[in-house]
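Okay, structure first, notes after.
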Amino acid sequence: MQEVLKRAARFAASNAPVMILGESGAGKEVVARALHEGSSRADRPFVAVNVAALPSELLESELFGHVRGAFTGAAVAKEGLFESADGGTLFLDEIAEMPSPLQAKLLRALQDGEIRRVGETRAFGVDVRIVCATHRDLSARVEQGLFRQDLLYRLKVLTLKVPPLRARCEDVVPLARRMLLEEGRSELRLSREAIGLLERHPWPGNVRELQNVIKHGIALAEEGVIEPRHLPEELTAAGATSPRGDGNSPMRPLADVEREHVQRVLEACGGSQAEAARVLGIGRNTLWRKLRRFE
Ligand SMILES: Nc1ncnc2c1ncn2[C@@H]1O[C@H](COP(=O)(O)OP(=O)(O)OP(=O)(O)O)[C@@H](O)[C@H]1O
Ligand SMILES: [Mg+2]
């Protein structure tokens, strides 16, 4: 996470649009906010909008505003989110879901640096930095004809990838402790066995899933300690066959332990050797040599 934030800090100085990619719950919005906070726009608004949540017409007036009488129900003029974010950052979440008529309008706004309220002929300039996020493969959406390629190129001038939690298991325990603190329960301890389970879990729901697991642990904890039995079943079931944790495991040669650990990390990284090497803190060649030795 710190590597991502470091990269975000370097992007903060620029005004170019940023595309944040990552699985659901990985922390894309957290990164978008950090990007804003680290920029010279920090004292101006950060405005977030989920573009998947509204139908096309409503989204247009939400983003660009409308004049009085622009459509039935538009009794008063309304400022759009572009205007609200003036001088700051506009975060367009779930950008892959943006309806195509809106894609064309967003492209125009980006090209001209101007927006037009619905029902108005006059356009005016706004100074907004655009940050987008999606958990989808946008190039695939382009190939399927669902997303405009020209818009994609406008939006992903700079990109930030937030890795899934399973690819950065060293983040799990610090995040868990931080969550205990935020829940006002920093006095609670995680037992060694519980930590083992947390570090081994593949976290399909990423940080959001970890939050739920920690809440589960807080609710059931006894005597100031969160033990495996206080965690949800999906963690304990997966960890039941693990060789680690109960303190009674037989003494085993280091090579066996190493091999098992390396293979587990590789699996958790979806088979990516580059990612596994990073998590293990070793070079790719070293990993490759180890794997060859295991065969
Ligand atoms: N590094 C982090 N530190 C603290 N909390 C985090 C971190 N990363 C994520 N979270 C928390 O995890 C939850 C999910 O994060 P966020 O909403 O940023 O994910 P997302 O990638 O935008 O997910 P989605 O694609 O589902 O919108 C949030 O409650 C957020 O506060
Ligand atoms: Mg989000």
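What to note about this one:
- Here the alpha carbons of the stretch 1-87 define both size measures, Rg and Dmax, at 15.9, 49 Å.
- Among beta bridges that DSSP assigns inside the chain, antiparallel share in %, nearest 5: 20 percent
- Our coupling estimate for the stretch 85-102, obtained by passing each phi through the Karplus curve with A = 6.51, B = -1.76, C = 1.60 and θ = phi - 60°, is 8, 3, x, x, 10, 10, 9, 9, 8, 6, 4, 4, 8, 4, x, 5, x, 6 Hz, Gly and Pro reported as x.
- Taking the charge dipole of the stretch 167-249 about its Cα centre, with +1 at Lys and Arg Cβ atoms and -1 at Asp and Glu Cβ atoms, the residue from Ile218, Val172, His230 reaching farthest to the positive side is Val172.
- A Stokes-Einstein calculation at 4 °C with viscosity 1.567 mPa s, built on the Kirkwood radius of the stretch 66-196 over Cα pairs, returns a diffusion coefficient of 70 µm²/s.
- Gaussian network model of the chain, springs between alpha carbon atoms under 10 Å - residue of Gly22, Gly281, Gly65 with greatest fluctuation: Gly281
- Subtracting the Cα-Cα distance of Trp288 and Glu267 from their residue separation scaled by 0.36 nm leaves 6.1 nm.
- Taking only the Cα atoms of the stretch 129-260, the radius of gyration and Dmax are 19.8, 60 Å.
- Crossing angle, helix 284-294 versus the chain [Cα axis fit, 0-90 degrees, rounded to tens]: 40 degrees
- Scaled to the globular estimate 2.2 N^0.38 Å, the Cα spread of the chain, given as radius of gyration, is 1.23.
- Amide proton proximity set for Thr159, modelled H, under 5 Å, gap of 5+: Met19
- A simple charge model with +1 on the Cβ of Lys and Arg, -1 on the Cβ of Asp and Glu and nothing else charged puts the dipole of the chain at about 940 debye relative to its Cα centre.
- Inter-probe distance in nm under a simple model that places probes 7 Å from Cα toward Cβ, at Asp137 and Ala274: 1.6 nm
- Along its three principal directions, the equivalent ellipsoid of the stretch 250-295 from the Cα gyration tensor extends over semi-axes of 18, 12, 9 Å, largest first.
Here, each number is a calculation from the coordinates, and none is a lab measurement. Here the structure is a predicted model, which is why all the values come from computation and not from measurement. Note: ideal-geometry Cβ built from the backbone for every residue, glycine included; neighbour counts use all protein chains shown.
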